[in-house]
1. In a loop (DSSP other than H, G, I, E, B) and either over 13 Å from Gly65 (Cα atoms) or β-branched (Val, Ile, Thr) (or both): which single residue out of Ser393, Ser406 fits that description?
2. Could you check how many residues of the range 60-102 are part of a strand (DSSP E or B) and not aliphatic (A, V, I, L, M)?
3. Within the range 69-83, can one find any residue that is more than 16 Å from the ligand (Cβ to nearest atom), of a type in the set (Asp, Glu) and out of contact with any helix residue (DSSP H, G or I) (no Cβ under 7 Å at 6 or more places or on another chain)?
4. Got at least one residue in the range 103-115 being within 16 Å of the ligand (Cβ to nearest atom), part of a loop (DSSP other than H, G, I, E, B), buried (at least 16 other Cβ atoms within 10 Å of the Cβ) and in the same structural domain as Val251 (by TED's automatic domain parsing)?
5. Which is more than 16 Å from the ligand (Cβ to nearest atom), in contact with a Gly (Cβ under 8 Å, 6 or more places away or on another chain), touching a residue at least 12 places away in the same chain (Cβ under 8 Å) and farther than 29 Å from Lys443 by Cβ, of Gly134, Gly146, Gly128, Gly123?
6. Looking at Ser171, Ser176, can you tell me which residue is out of contact with any Ser or Thr (no Cβ under 8 Å at 6 or more places or on another chain), at pLDDT 95 or above, assigned by TED's automatic domain parsing to the domain that holds Gly319 and within 16 Å of the ligand (Cβ to nearest atom)?
7. Considering only the range 82-102, how many residues are surrounded by fewer than 20 Cβ atoms within 10 Å (Cβ to Cβ) and either without any contact (Cβ under 8 Å) to a residue 12 or more places away in the chain or touching a strand residue (DSSP E or B) at 6+ places or on another chain (Cβ under 9 Å) (or both)?
Amino acid sequence: MMTYHVGAAIGRPRTRTPRPYRANLALSLLSLKHLIVTAAVLLLCAGLCLGFMVSVSGGNGTPEGMRAFPYPYRSMLAICSDIDGTTPREFEDVHKFLNTLDGTEMGPGLGLDVADSFWMYMGSDAAGIADREGNGNEAVMTWFQGTTETVKNAHLIAYYFERGWIDTMHSYGDFSRLDKSDVVFTRMLAERALSALAERDVRPTVWVNHGNEANVQNFEVGNRRTYRQGARPGSDAYHADLTLPAGIKFVWFSDNDRRFGRRDILYPVTLADGQKVWGFRRYTPDWSTYELDRQLREAHLDACVKRELPVIVTQHFGGGYEYQPFGAAARQALQGLAERQNRGDILVARTSRLLEYLRVRDHLEFERSGSHVNILAVDDPQFGYDPNPSLDSLRGMTFYAEDMISAGISIGGEPLPEELLVKAVDETGRTTIGVAWFEADAKNYVWAAAELAR
Ligand SMILES: [Zn+2]
């Protein structure tokens, strides 16, 4: 039995450039011959090693013995949407089109796993138009009314969170102010929000910073002293000691990123208060729905497939106030994405699932006995050693195996039933065995939400 600690296998192996060999003029003919033989042997070894590494890792930095993505997909994509300016009606129009297979105003639904973000509060004094009816900020979907403790769309947000159409906290709310020094957010608002979320069992794992410098609730990397004070002990806005223990694992720190698809979406961060968390990168250009076709253009998607890269695309689904949330070109691009998923090209996953997949894949400990894989633990450098990873966190983990008949997967020695296994020969001709990905869910949850307060 061999134990793999695959965490160490991430990224390209570092190769040191050899020092140039200084030929000795006094080298005899005999030792020259010796040298040639030695060099040939070394070259052969290097070639074999290289060939071996390429064959086990696919040359893309994926942990040894694993497929980059669940079979048959060769890339994974999440659309990570900020809730800015989104009313409940816009939210439902968008997700009926993206997530269900029903007929919609924008054409047949696409059945994609795309989740949105949410706000607890509206603390902005900016005048703006939120939707096609001409409503302003007061119409935007938030848990509470303004910054008060009066419940507004709490039922709706909790309902859609539970059904997977919401998975990300877009910080605690919109606190953008016309006067950036007019700060509204305080720790008290975080305390109130967290107790309300816990009461409804809403436990998001993803946090995305929002807005201008008045948004002091935002998180900052390390000890950089900026307006982002959420993790700075001593600040009136400090809340990381409450928010992270409530379940946040992944944080977007407001850094724009122009690279579409990257291996290093996740990066380790230590906050100013010493807590560890995963930072993540999102592709940020063209982040409004009417530019979405530029984000999802064929060249971008082809490159991700070819290089086996995951990508997180930033969006603002409800940010506009056009008659329809998506224009014709964006709808066509989304249809193209759905077709790619249908033909086994790109797996579309909600942000929290994609991030969790990468976190677990890159830090998985497992052992092999023949073609049987036993998953031992997730050895996460940020959150520690987890000897009992849940089935959901292991969804999609896919291994290469020698023999399909005897291939199997256990978790902590407990064999997974056949219905949770995916066995296949992939595009490289090798046998793979994986933990089944989440079951597709294209149910239209809008109907049952009609009764909920909005
Ligand atoms: Zn925002």
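1. Values: Ser393 fails: in a loop (DSSP other than H, G, I, E, B).
Just one listed residue meets the conditions, Ser406.
2. Matching residues across the range 60-102 total 3.
3. no
4. At the first step, the residues of the range 103-115 found to be within 16 Å of the ligand (Cβ to nearest atom) are 115.
Imposing the further condition that a residue be part of a loop (DSSP other than H, G, I, E, B) reduces the set to 115.
Within this subset, residues satisfying the condition of being buried (at least 16 other Cβ atoms within 10 Å of the Cβ) are 115.
Pick out the ones that are also in the same structural domain as Val251 (by TED's automatic domain parsing) and you get 115.
Looking through the range 103-115, at least one residue is within 16 Å of the ligand (Cβ to nearest atom), part of a loop (DSSP other than H, G, I, E, B), buried (at least 16 other Cβ atoms within 10 Å of the Cβ) and in the same structural domain as Val251 (by TED's automatic domain parsing).
5. The match here is Gly146.
6. Among Ser171, Ser176, only Ser171 is out of contact with any Ser or Thr (no Cβ under 8 Å at 6 or more places or on another chain), at pLDDT 95 or above, assigned by TED's automatic domain parsing to the domain that holds Gly319 and within 16 Å of the ligand (Cβ to nearest atom).
7. Of all residues in the range 82-102, those surrounded by fewer than 20 Cβ atoms within 10 Å (Cβ to Cβ) come to 89, 101-102.
Remaining after also requiring either without any contact (Cβ under 8 Å) to a residue 12 or more places away in the chain or touching a strand residue (DSSP E or B) at 6+ places or on another chain (Cβ under 9 Å) (or both): 101-102.
Qualifying residue count for the region: 2.
For (1) among the charged types (D, E, K, R); (2) within 22 Å of Phe250 (Cβ to Cβ); (3) crowded, with 19+ Cβ neighbours inside 10 Å, each residue gets a yes or a no:
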residue: Asp362; (1), (2), (3): yes, yes, yes
residue: Phe366; (1), (2), (3): no, no, yes
residue: Asp379; (1), (2), (3): yes, yes, no
residue: Asp386; (1), (2), (3): yes, yes, no
residue: Leu391; (1), (2), (3): no, yes, no
residue: Ile409; (1), (2), (3): no, no, yes
residue: Gly412; (1), (2), (3): no, no, no
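The values are calculated or read from the model by the stated rules, or taken from the named source; none is laboratory data. None of the values given here were measured: they were computed from a predicted structure. Here Cβ is always computed from backbone atoms with ideal geometry, including for glycine, and neighbour counts include all displayed protein chains.
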